[in-house]
Each structure stands twice: as C-alpha cells, then as structure tokens.
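Below is one structure, written out as structure tokens, with a few remarks after it.
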Amino acid sequence: MYKNLELPPGFSKSEEENRFMMKKEEQQQLNWAIALSLSLVFLIIAILYESVLQTLLIMISIPLALIGVFFAFVIADFPFDSTAYVGVILLFGVVVNNAIILVGHINFYVRQGVPVRQAIAQGAFERIRPIFLTSATGVFGALPLVLFRQAGQTDIWSALALCMVGGLTASAILVPVVIPVFYDLLQRLHVYLRRVLPRS
C-alpha cells in the first residue's frame, strides 16, 4: 500500500499495528477485570453475611445501578468507551454499600423477633435517608467533572464521573424499593424450603 510513497530525507515509513487486534485485547482485559471485580465483591459480601441468598440479594444492587449508567450515557450522549468500563468496575464496589446498609438493618430487626414484613418496612424507612445522603455526596462530588468539560468533547474524568452519577442515582432510587421486595421473596422461599426439604 505504501510502496510508492515517497518521503523527504530524514523520514521513514513503517506498517502500523492492527488496531482491531489491540481493541480486541483491551476488551478482553476489561472483561476479565469486570469478572474479577464481581467475584471479589461477591466473596467479601458472602464472608460478611455467611449467606449465599443474602449475598445474591445485595448483588442485585449492581444491575440496578447499571440501569442508571445506561440512561446517564444516553441522556448525556457520551460515548461508552474503555474509560466508561473502568468507571463501571469502580462502581461495583460502591453501589453495594446501599444494599448492605439496608439489608443489615432489616436483619437487625428480624433478629430482634420483629415480623419479617414489619422489619422490612421499618428497616427500609429508617435507612432511606442515609442511603440518599451517602449517594448524594458521591453524585454531587462527581457532577462537576461531567458539567464542566470542553464543549463537544469527553475525557476520561467525564466518563468515570458520569458512571458514578448515573449509577449512584439509580441505586439511591431503586435499592430502597427493589431490595425489600426481594428480601420478602427470599424469606418466603426460605420458609418454603424448610417445610419441603427433610431435616437431616
């Protein structure tokens, strides 16, 4: 392709690396990083709660946050590039905190002998304010990086910040609504399994 290209003295030509292969390798690395991040978050929560079901319950907060990330990038018309993937990975370890706060408080009332549904309602009501406040600090702390950027351009900080803004906002709104519902379903499933499965 460049055989007939003539260059002035002192310049040279060389074949450029295949950018497609570089992007493919980068995507594979990001996929491995996402898988490892999810595994570590799951492992830490499982060690903390010593329950697979409650660990899965808390992990529901991650797809809830990703809903917010999706809408944030669509509304802001940002490109979802490799930097955005890094922002999502960082988000995994943050958004589960809201669910941990909520589930831990509900568990406290259940251990005190409060009926499950009453414990869910009381625990969710008492943890809405802390969840909103902690999420708001993260959102407003990252928001300037999204708002004050050069017109028509995005940088690595803008994409990272937009992930945090969208994910934390969705988490603050959806976690207090969705997690209590799944908590009640898991409690019903637990009771059902104790009735059906024979005791050893």
Packing-based ranking, highest mean first, of 86-92, 46-52, 137-143 given that Cβ atoms within 10 Å are counted: 86-92, 137-143, 46-52
Charge-dipole axis of the range 52-196 as Lys and Arg at +1 and Asp and Glu at -1 on Cβ define it, positive-most pick from 55, 73, 106: 106
Calculated FRET efficiency for the pair residue 39/residue 156, C-beta based, R₀ 25 Å, to 0.05: 0.50
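Going by average Cβ neighbours within 10 Å, how do the peptides 115-126, 63-74 rank, with the highest at the top? Please list the in-between numbers first.
Details: 115-126: 16.7, 63-74: 18.5.
Packing order, densest peptide first, comes out as 63-74, 115-126.
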Rounded Å value of the spacing that divides the Cα centres of the range 159-182 and the range 35-55: 19
Mean Cβ neighbour count within 10 Å, used as a protection proxy, ranking 76-84, 27-35 highest first: 76-84, 27-35
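Summarise the long-distance tail of P(r) for the range 29-107 by giving the % of C-alpha pairs beyond 16 Å.
Details: 1627 of 3081 pairs.
Looking at the range 29-107, the distances longer than 16 Å represent 53 percent of pairs.
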Rh by Kirkwood over Cα pairs, then Stokes-Einstein D for the range 52-196 at 1.002 mPa s and 20 °C, µm²/s: 133
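Could you grab the relative contact order for the range 53-122? Cα pairs under 8 Å, six or more apart, rounded to a whole percent. List each step's numbers first, then the result.
On the way: 23 pairs, mean separation 25.6, N = 70.
RCO, the range 53-122: 37 percent.
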Charge tally in the Cβ shell below 15 Å around residue 120, where Lys, Arg are +1 and Asp, Glu are -1, residue 120 excluded: +2
J(HN,Hα) series, the range 56-64, from Karplus relation 6.51 cos²θ - 1.76 cosθ + 1.60, nearest Hz, glycine and proline x: 5, 4, 5, 5, 4, 5, 5, x, 5
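We did not get these values from a lab; they are worked out from the coordinates using the rules stated. Keep in mind the model is a prediction, meaning the values are calculated, not measured. Positions of Cβ are backbone-derived with ideal geometry, glycine not excepted, and every protein chain shown enters the neighbour counts.
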